[in-house]
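The values are calculated or read from the model by the stated rules, or taken from the named source; none is laboratory data. None of the values given here were measured: they were computed from a predicted structure. Using ideal geometry, Cβ is built from the backbone for each residue, glycine included, and neighbour counts are taken over all protein chains shown. Just so you know, the surface numbers come from the protein's heavy atoms only, side chains and all, with ligands and any DNA or RNA stripped out. Shrake-Rupley method; radii C 1.70, N 1.55, O 1.52, S 1.80 Å.
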Amino acid sequence: MAKTDSNDFLPLEWDIPTDAELKRNIENFRARMFTRRSVRAFSDREVDPAVLRKIVEVAASAPSGANKQPWFFAIVTDPGLKREIRTAAEAEEKEFYTRRAPHTWLEDLEPLGTSWEKPYLETAPALIVVFKRILENPDQAKRKNYYVTESVGIACGFLFAAIHMAGLVALPHTPSPMNFLSRILQRPAHEKPFLLVPVGHPAPGTQVPRLTKKSFDDIAQFF
Ligand code: IYR
């Protein structure tokens, strides 16, 4: 790696695990992650803002192109804003389910039991709205951030893992188009909505669809 005078490098702080520790670590993490489910029914139990803050800090620790950290997380707990978001999202979803979605798409959604109605956007105690920041600085239109979608995608992976490991549930929700989120949350034009994530505790008696994950051989191969 090229080090120039302008680089400030530190020793990596890292404990090298034994083979046994490695196996245990990944088995534990794998077992925890396999209990994650997307949830669409939330109880109204609140989540401490300090917990939400730590979850977002984990997400924002993700790697990003040239470390530009091209993201913004709007943590929405205000009931009036949640209601506005629900109303606008349902208007788009109604269009989607009754007009825009191709028949095959609706067929694929059938097992999930979804519809245009999104009560969870109001019941969930928090909505984390993730924005991508296209520009580093809105005044410098030529200085675009790098690999923005990849970076924000990784941050969202961290976000879902943090939510799950904290003991909360969430859903990656993508009403389309999502411009209404910029308007309601008054975000600047160089930020674009990426994902809407309701977070909270599951409603008592919540049921989730019986889903299976593809086999390892279907999705991976050693070369
Ligand atoms: N955004 C709609 C439709 C939807 C699309 C996909 I792809 C899903 O995996 C689930 C739902 C909705 O939220 O209902």
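What you get for the chain, charging only the Cβ of Lys and Arg (+1) and of Asp and Glu (-1), is a dipole of about 300 debye around the Cα centre. From the residues Trp71, Ala155, Ala124, which one has its Cα farthest along the dipole of region 44-204 in the positive direction, the dipole being from +1 and -1 charges on Cβ of Lys/Arg and Asp/Glu about the Cα centre? Final value for the positive-end residue is Trp71.
Order these peptides, 148-161, 103-116, by their mean beta-carbon neighbour count within 10 angstrom, highest first.
148-161, 103-116
Solvent-accessible surface of the chain, taken per residue with a 1.4 Å probe and all protein chains present: 67 Å². Packing, taken as the mean count of other beta carbons within 10 Å per residue, orders the peptides 134-143, 45-54 from highest to lowest as 45-54, 134-143.
Solvent-accessible area of Asp217, all protein chains in place: 130 Å² (probe radius 1.4 Å, heavy atoms, ligands and nucleic acids excluded). Only helices reaching 18 angstrom along their own axis (Cα) with mean Kyte-Doolittle hydropathy no lower than -0.5 count here, and for the DSSP H runs of the chain these are 148-166.
Need the list of lysines near Lys118 for cross-linking: C-alpha distance under 26 angstrom, and skip anything on the same chain fewer than eight residues off. Leaving aside lysines fewer than 8 places away in the same chain, those within reach of Lys118 are Lys82, Lys94, Lys132, Lys192, Lys213. Each 5 Å bin from zero holds the following percent of Cα-Cα pairs in region 44-204: 1, 9, 17, 19, 19, 17, 11, 5, 1, 0, 0.
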